[in-house]
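The next block holds one structure in the form of structure tokens; read it before the comments.
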Amino acid sequence: MNRLRRTYQFLGGSWPIAFAMMVIVIFVVVGVLAPVLAPQDPNAQDLVARLQPPLSPGHVLGTDVLGRDVLSRLIYGTRVSLVVGFTAVALAGVLGVVVGLVSGYFGGWVDSVFMRVVDAWLAFPFLLMAIAIVAILGPGLKNIVIALAITGWVVYARLVRGETLSLREREFVLSARGLGASRPAIMVQHILPNILAPILVVATLELGVVIVTEASLSFLGLGADASQSSWGQTLADGRAYITQAWWLVTLPGPAIFVVVLAVNVLGDGIRDALDPRLQSRRNADTPV
Amino acid sequence: MLRFIVQRLGQTVIVLFVVSLIVFSLVHLTPGDPVDAVFSGQNVTAQQKDEYRHQLGLDKSLPQQYLAFAGGAVRGDLGTSLRSGRPVWSMIATTLPATLELVLAALVIAIVIAVPVAIVSALRQGSVWDRTGSFAALFGISMPSFWLGMMLILVFSVSLHLFPASGRLSIDTGLSQLSGLLLLDSALQGNWQAFVSGLQHLALPALTLGAAIAATLTRILRSGLLEVKDQDYVEALWARGLSFWQVLRHMMRNALPATVIVMGVRIGVLLGGAIVVETVFSWPGMGRLIVDSIRSRDYPVVQGAVLAMAVVFVLFNLATDLLHGWLDPRVKHTKVSA
């Protein structure tokens, strides 16, 4: 837990990371308050006012081919991206951590079987597997979350398995075992708290990957249905009108880009803060 | 080295077996009957559907179906498209070279951008150059490639009319395909009009995909160079009065193995990115084949094309591992780890 506290202190001292955290908080607030903040219903069609450019009366960011307000769709898109992102990362994390803990703690044939499955999983390009799973389950946000969780768990499993392998022979684990603690208790109460920090780093960086993947799947027409305004889908809808309506393909991009950049800056920051080699380098650089 | 190669090939065979199992299960977990999906909205009797199901082997048990699928795949028979009736293998054979050409061009662009940026960033750590390079790399990995592609189309195709926005080649070039790699084919035939047209069509998709790879490659190579730049042997090389390029060669030799291995893993992201980039630029490659066949619920094509992409990825990984073994002699002397 000391490491986490140190991370928090470190994050408070770096302005790019503080800025990144602020950006993420703003996006979360926008997502939560979407019904309040959106000027219009994101699905309300107005065929008279179709393809209106930005700064048109009543439509700050213009309208799409069905006359829907682009700003409202982008605001609701925040909700879609973040809900899919956080849920998929949480599901993949839980699945991966369980597999990693069991694989690393028990070792032997259990470890061998799990790790062969992980190897095969890693033999698939991430997006290709997500596409294949969505192809089977059918489009839709729920299925995207399932696909992203099924494809993403291996990253955590590998990490947690490695960390567990190195921790299971440490004195505090051996003494817990000697005191008669059960295997699940040792894994959850003694090993897991000691590997939370690297899991947090991976989860943060994975959030960016998941948000881009959701947008990519929606862009390919395999994501949200028409009633759910996703950033990727808004961009895909605008593709056919690229010569007439530049704003449809231009505006969703910065939304995805800014939130993913913020997540990556935060992930890099946490990783650097937790890297003992960088710590010592930083301390050495600090004038005494 | 031979033992290392044999061990690595053995692992590849096991991975390919599990990959084929996953691909097979994926398609057979599909809710609903693919035959019903094919004939949806058509006036077809139950008997005709049964005959079609029998023709496709869908009435056999799952293990029998898997054996037929795996046996066929080994012989190059991946079934026939439910929609067009064409052999899946021939559809892959026409689209795979397009994807390979795109990925290879993107790799070249990525190396040309990333290597100098990473070298300058690492050697001038903390300088303005380093901060700019590192920020540009972070910028690159955060940018969705389909959006970058759209922006390039908007600027270079729609506004400036410099590059075409879609396709692989102008129709009036009269190029006969040999390998399917259009640049190679046109160069071999001396058809320079086709070569220039191919390059123009390739420029924007390759730049889109290449930018994403360049960002990752810059970060990995920079951190690899930072690891080695303060080591004693580098200090010793400087002290012996070696030129900058000679010292850099030694540093690269030690930073490259880690870079190659990480990039090998990232090839998956690259192939995934190719699927999206192909859709943006209507590039007639494997990615578009997969997306189109998913939309039309043409499962034999989905199954065959996903398997082919996964095999390409596994072979890329094998190649990077062997390259890693060649670059870093320590690898081939240690037991290959799982």
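Given the criteria in a helix (DSSP H, G or I), within 14 Å of another protein chain (Cβ to nearest Cβ) and without any contact (Cβ under 8 Å) to a residue 60 or more places away in the chain, does B:VAL291 qualify? Taking the combined requirement at face value, the residue satisfies it.
Within the stretch B:308-335, the set of residues being within 14 Å of chain A (Cβ to nearest Cβ) and modelled with pLDDT under 75 is empty. Listed by first and then second residue, the pairs with beta-carbon distance under 6 Å, at least 6 apart or on different chains, first residue in the stretch A:165-178 and under 21 Å from A:SER103 (Cβ atoms), second of a type in the set (Phe, Trp, Tyr), are A:ARG168/A:TYR105. Where helices (runs of 4 or more DSSP H) sit wholly within the stretch B:127-194, those with at least 1 residues that are more than 25 Å from the chain's Cα centre (by Cα) and within 11 Å of chain A (Cβ to nearest Cβ) occupy B:128-142. Of all residues in the stretch B:270-289, those that are over 13 Å from the mean Cα position of the chain (by Cα) and under 18 Å from A:GLU214 (Cβ atoms) total 2.
The condition of being touching a Phe, Trp or Tyr at 6+ places or on another chain (Cβ under 6 Å) and not basic (Lys, Arg) holds for only one of A:SER218, A:SER182, A:SER229, that being A:SER229. Scan the stretch B:115-127 for residues that are at pLDDT below 90 and exposed (fewer than 13 other Cβ atoms within 10 Å of the Cβ) and the total you get is 2.
Annotation: B:ILE113 fulfils all but one of (1) assigned to a helix (DSSP H, G or I); (2) within 14 Å of another protein chain (Cβ to nearest Cβ); the unmet one is (2). Scanning the stretch A:91-129 for residues that are surrounded by fewer than 24 Cβ atoms within 10 Å (Cβ to Cβ), more than 14 Å from chain B (Cβ to nearest Cβ) and either more than 14 Å from A:TYR156 (Cβ to Cβ) or in contact (Cβ under 8 Å) with a residue 24 or more places away in the chain (or both) yields a total of 7. A:LEU122 fails exactly one of the following numbered conditions: (1) under 25 Å from A:ILE195 (Cα atoms); (2) touching a strand residue (DSSP E or B) at 6+ places or on another chain (Cβ under 9 Å). What is the number of that condition? Unmet for A:LEU122, out of (1) under 25 Å from A:ILE195 (Cα atoms); (2) touching a strand residue (DSSP E or B) at 6+ places or on another chain (Cβ under 9 Å): (2). The residues in the stretch A:135-146 that are within 11 Å of chain B (Cβ to nearest Cβ) and either within 30 Å of A:ILE191 (Cβ to Cβ) or surrounded by 24 or more Cβ atoms within 10 Å (Cβ to Cβ) (or both) can be counted, and the count is 1. Just so you know, in the stretch B:116-126 the residues that are outside any helix (DSSP H, G or I) and in contact with a helix residue (DSSP H, G or I) (Cβ under 9 Å, 6 or more places away or on another chain) include one that is farthest from the other protein chains (Cβ to nearest Cβ), and it is B:ARG124.
Within the stretch B:184-206, the residues that satisfy the criterion of being of a type outside the set (Asp, Glu) and surrounded by 17 or more Cβ atoms within 10 Å (Cβ to Cβ) are B:SER186, B:ASN191, B:ALA194, B:PHE195, B:SER197, B:GLY198, B:HIS201, B:LEU202, B:ALA203, B:LEU204, B:PRO205, B:ALA206. For the stretch A:208-243, the candidate set comprises residues that are farther than 17 Å from A:VAL259 by Cβ and within 10 Å of chain B (Cβ to nearest Cβ); within that set, the residue that is surrounded by the most Cβ atoms within 10 Å (Cβ to Cβ) is A:LEU220. Of the numbered criteria (1) touching a residue at least 40 places away in the same chain (Cβ under 8 Å); (2) touching a helix residue (DSSP H, G or I) at 6+ places or on another chain (Cβ under 6 Å); (3) over 29 Å from A:ASP111 (Cβ atoms); (4) surrounded by fewer than 24 Cβ atoms within 10 Å (Cβ to Cβ), the one A:LEU205 fails is (3). On the stretch given as the stretch A:45-90, residues that are part of a loop (DSSP other than H, G, I, E, B), touching a residue at least 40 places away in the same chain (Cβ under 8 Å), of a type outside the set (Gly, Ala, Ser) and in contact with a strand residue (DSSP E or B) (Cβ under 8 Å, 6 or more places away or on another chain) total 2.
Need pairs with beta-carbon distance below 8 Å; first residue within 18 Å of A:SER230 (Cα to Cα) and at the interface with another protein chain (Cβ under 9 Å from one of its Cβ atoms) and within the stretch A:256-271, second of a type in the set (D, E, K, R) and crowded, with 24+ Cβ neighbours inside 10 Å; sequence gap 6+ or separate chains. The qualifying pairs do not exist here. The conditions are (1) in contact with a His (Cβ under 9 Å, 6 or more places away or on another chain); (2) modelled with pLDDT of 80 or more; (3) not aliphatic (A, V, I, L, M), and B:PRO257 fails exactly one of them. Which is it? It fails just one condition, (2). Counting the residues of the stretch B:45-62 that are in a loop (DSSP other than H, G, I, E, B) and either in contact (Cβ under 8 Å) with a residue 60 or more places away in the chain or of a type in the set (D, E, K, R) (or both) gives 2.
The values are calculated or read from the model by the stated rules, or taken from the named source; none is laboratory data. On a predicted model such as this, the values are computed, not experimentally measured, just so you know. Quick reminder, even Gly has a Cβ in these numbers, built from the backbone with ideal geometry, and neighbours come from all protein chains shown.
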